[in-house]
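Right, one structure below, let's go through it.
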Amino acid sequence: MGRVEGKVAFITGAARGQGRSHAVRLAEEGASIIAVDICHDVDLIAMPLATREDLEETVREVEAIGGRIVAREADVRDSAQLEAALADGIAAFGPPDIVVTSAGVVPFVPFPTMSEATWRTTIDVNLTGVYRTVKAALPSMVEAGKGGSIVFISSGIVFRGGGLVVDYASSKAGVVGLMRSLALELGPHGIRVNTIFPTNVLTKMLDNEVFGAVVSNAVNEGRPFESREQRVEAMRGMLAARNMIPLGWIEPKDISEGVLFLASDEARYITSESLRIDLGFGGK
Amino acid sequence: MGRVEGKVAFITGAARGQGRSHAVKLASEGADIIALDICEDLPFAHSPHATPEDLQETVRLVEAAGGRIVARKADVRKRDEVDAVIAEGLEAFGKIDVVIANAAAIQYKNVFDLSVEDFEATLDVNLHGVFNTVQTPVRHMIERNEGGSIILISSGIAYKATPAPDYSAAKTALITFARALANELGPNRIRVNTIEPGYVLSPANDNPKYAERTARLLGREPFATPEEHREALWEQLKPRNMLPVGWVEPEAISNAILWLASDESRYVTSEELKVDAGFADK
Amino acid sequence: MGRVEGKVAFITGAARGQGRSHAVRLAEEGASIVAVDVCHDIDEIAMPLATREDLEQTVREVEAVGGRIIAREADVCDLAQLEAAVAEGVAAFGPIDVVVANAGVAAYKDFPSLSEATWRKTIDVNLTGVYRTVKAALPSMVAAGKGGSIILISSGSVFRGGGLLTDYATSKNGVVGLMRSLALELGPHWIRVNSIMPSTVLTKIVDNEVFATVVSNAMNNGQPFETREQRLEAMNAMIASRHMIPRGWVDTRDISEGVLFLASDDAKYITSESLRIDLGFAGK
């Protein structure tokens, strides 16, 4: 029997990267998946976001391991879209037991030149979007009366700032405050709320030209790299130096193990906790 | 009127460096001082400790700043020695309002070199020594019922890993020691806080033995002068901080202590106050 | 295949309570166990500690789930005793992969009347004892070159002090500082070091006559309780209100699930982290 056998998991940002990995891992352990993603780029956020094809690939991977999944396009900045997607999922599988907020964006802009619009967008996706996700799922969870597990994906950056991420880091720290407050209120309902702090994961959020420019400014005197391989190698060196375990990044599945643990009944008394999965970054 | 006018402060490790700075700062703001220091080297500590002459100089500076002082040679690991100094101080000044647990020792050994005996030796000064420093004054403060301010000197390495298991354990433990005391003694209006200094340049590191260590770590020839050592140290340490400095001066820590000792911070308790040029969060 | 299949786990304080639970849980998931406990009372600590019979019971329970175990009497205040036990374990099962530094005592004295001898003893068992445990296991771990997982049992009391726990809570945060430093140094060896912060766990460290006095003073005007059931009910009422999930304590298996997670390769990139398993205590 899987470790989340028979549970229903609602996952945002599920079209690729971490979100897809969480969907597959939870499905492997017996959960049915309600997956959403915006599936298009966002103005003011330079990095490319997921596509409809990405979301379809997540569906294929979940079904390939025998899981059930309902996937919908939804923008976490829009409650109506989230609620509509969730309603479809509830009709198919029943109310959610697990919520994983994986949707997130990072513009990589220095603070003095950051526009208010960019700031507001980052907060709206990464923080308010998390709140909207919870608000969408909560009524059915509370009504079902079975308790549940909400897992926020924050970021190790909240500990060390990291430059060019003032908005991102602030939004991710805000998620921690949100977690603490929700955990207090929802404890009596048996709904646990926890946060994971990943360190860098090599997904499209870092493996793109925007962050590539950040790396070349840091370690290559601003000169662009000749190939993606060079860029990735330079990035590895730059990031590994900040970790206790000498690696530059981890895989999405390493975060998924933490999500799985917190989602399962093995963690039935863990709430308002933050779990760093970060090669020791936050401690160094 | 000074910011700690009429208060009496008990300070350990007061013969030089940070401890001396705190004594002089508080005296210049109207406090009387009860001071102790081991005034001799510790065999396991990396650098030499203070001397009796150092403690005499602290006395001279405190009196020049307008303060009265009782200063004695005493080892914080020995409760009876600590209590004897406190008793003399109470005899002279009648009360204790402020305690600054500053006496410390450091070995700079990593886990593979640090024996269990070494570990225990560090704890003996930095943790058990703090227990001995605060307990008798706490009992006095409870009886006197006028509250008080206790300040434990922890360290920025409580937030940032360092290859020194003994020192890390002791300095991090102090944060909870302060929190626990703050919880228990709050009803007695005794406030308990920690300060987490970043790197402070003082005789504890501004000395030839430490300069040897710096040269070794940097893989270079020994330094010809203390000035050369300081310059290299500054450049080595600066990148670790948010502010463009290699270290902070003892007086920077004293300023924070003055605020925590005074009534200006009367509602601040169980606080961790970093004075570290942004070391911990970089 | 179990989640710690083939691993060798060194566990202190294994004769009863949490330690026994960790031994059984890890054995259930395929680990061989090297178990130690002091197996006698300590002068400066009023509460009764484990006995040789307790340790024998742990052996029985581990073997009942099909596990292999070597159990020895050893005091964490004595490095030579720990090293002897480790040597026997390594000879039987191979190098240590997992260390669970679980042995601990609590004196329950208010600070003004806490004797220096009791303070020193608490620190010696709970903090220096942890250092000795690591020092005993480390040589074989480093020589084997396979990495490993060191789990230090700290306490939720580090956040709140908890009255009558000054020495205990202080020692437990010392463990956190030790963890951080060791994680930094041992990261390059792929040895991960983490801590767990339980809230109250219902074991003999609280289920004893010494703590009973604490409870009766707090909840019964100093009157002793007529039965253990009454005492536990009062204790539950006393503690539950400090938690987000309205329960007085967690069970030993809840801590063991956290130990298992951190011991397993599911957590292979988690280091210098503290995992609260505490019903939301520290967040409230």
Residue hits (the range B:164-193; more than 16 Å from B:M141 (Cα to Cα), charged (D, E, K, R) and more than 7 Å from chain C (Cβ to nearest Cβ)) are B:D166
So A:P96 clears everything in (1) touching a Phe, Trp or Tyr at 6+ places or on another chain (Cβ under 9 Å); (2) surrounded by fewer than 16 Cβ atoms within 10 Å (Cβ to Cβ) except one condition, right? Which one? (2)
So, in the range B:221-234, how many residues would count as being touching a residue at least 12 places away in the same chain (Cβ under 8 Å), over 12 Å from B:L201 (Cβ atoms) and not aromatic (F, W, Y)? 1
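Taking the residues in the range A:210-259 that are aromatic (F, W, Y) and at pLDDT 90 or above as candidates, determine which candidate is surrounded by the most Cβ atoms within 10 Å (Cβ to Cβ). If you could, list the steps in order and put the result at the bottom.
The first filter runs over the range A:210-259 and keeps only residues aromatic (F, W, Y), leaving A:211, A:225, A:249.
Remaining after also requiring at pLDDT 90 or above: A:225, A:249.
Numbers: A:F225: 19, A:W249: 22.
Across the range A:210-259, the extreme among qualifying residues is A:W249.
Residues that are at pLDDT below 90: find the helices (runs of 4 or more DSSP H) completely inside the range A:123-189 holding 2 or more of those.
Per the criteria, A:157-160, A:166-186.
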Going through A:R276, A:R192, A:R231 one at a time, which residue ends up being assigned to a helix (DSSP H, G or I) and either within 10 Å of chain C (Cβ to nearest Cβ) or touching a residue at least 12 places away in the same chain (Cβ under 8 Å) (or both)? A:R231
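Tell me, which helices (runs of 4 or more DSSP H) wholly within the range B:63-146 include 3 or more residues that are touching a strand residue (DSSP E or B) at 6+ places or on another chain (Cβ under 7 Å)?
Values: elements: B:79-93, B:116-123, B:129-144.
It comes to B:79-93, B:129-144.
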Restricting attention to the range B:34-53, does a residue exist that is in a helix (DSSP H, G or I), buried (at least 24 other Cβ atoms within 10 Å of the Cβ), of a type outside the set (S, T, Y) and touching an Asp or Glu at 6+ places or on another chain (Cβ under 9 Å)? no
If I ask for residues that are in contact (Cβ under 8 Å) with a residue 24 or more places away in the chain and part of a helix (DSSP H, G or I), which ones from the range A:89-117 would you list? A:G89, A:I90, A:A92, A:F93, A:F111, A:A117
Within the range B:1-33, residues within 17 Å of the chain's Cα centre (by Cα) and part of a loop (DSSP other than H, G, I, E, B) come out as B:G13, B:A14, B:A15, B:R16
Residue count for the range C:52-76, restricted to those that are closer than 26 Å to C:V134 by Cβ and either assigned to a loop (DSSP other than H, G, I, E, B) or of a type in the set (A, V, I, L, M) (or both): 11
For C:I191, state whether it is in contact with a strand residue (DSSP E or B) (Cβ under 7 Å, 6 or more places away or on another chain) and either assigned by TED's automatic domain parsing to the domain that holds C:V98 or modelled with pLDDT under 90 (or both). yes
So, in the range C:263-284, exactly how many residues are at pLDDT below 95, in a helix (DSSP H, G or I) and farther than 22 Å from C:A234 by Cα? 4
Number of the exception - C:L138 against (1) at the interface with chain B (Cβ under 10 Å from one of its Cβ atoms); (2) buried (at least 24 other Cβ atoms within 10 Å of the Cβ): (2)
Just one of A:E209, A:E221, A:E226, A:E257 is within 23 Å of A:G17 (Cα to Cα) and without any contact (Cβ under 8 Å) to a residue 40 or more places away in the chain; which is it? A:E209
Could you identify the single residue in A:P224, A:P252, A:P246 that is within 7 Å of another protein chain (Cβ to nearest Cβ) and farther than 30 Å from C:V201 by Cβ? A:P246
Helices (runs of 4 or more DSSP H) completely within the range C:161-249 that count 3 or more residues being buried (at least 18 other Cβ atoms within 10 Å of the Cβ) and more than 14 Å from chain B (Cβ to nearest Cβ): C:209-219, C:228-240
Pull up the range A:175-189, narrow it to residues that are farther than 18 Å from A:V259 by Cα and facing chain C (nearest Cβ under 7 Å), then point me to the one that is surrounded by the fewest Cβ atoms within 10 Å (Cβ to Cβ). A:P188
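Do we find that C:T271 is under 26 Å from C:M1 (Cα atoms) and within 14 Å of chain B (Cβ to nearest Cβ) in this structure?
In short, yes.
The values are calculated or read from the model by the stated rules, or taken from the named source; none is laboratory data. From a predicted model like this one, the values you see are computed outputs, not experimental measurements. Note: ideal-geometry Cβ built from the backbone for every residue, glycine included; neighbour counts use all protein chains shown.
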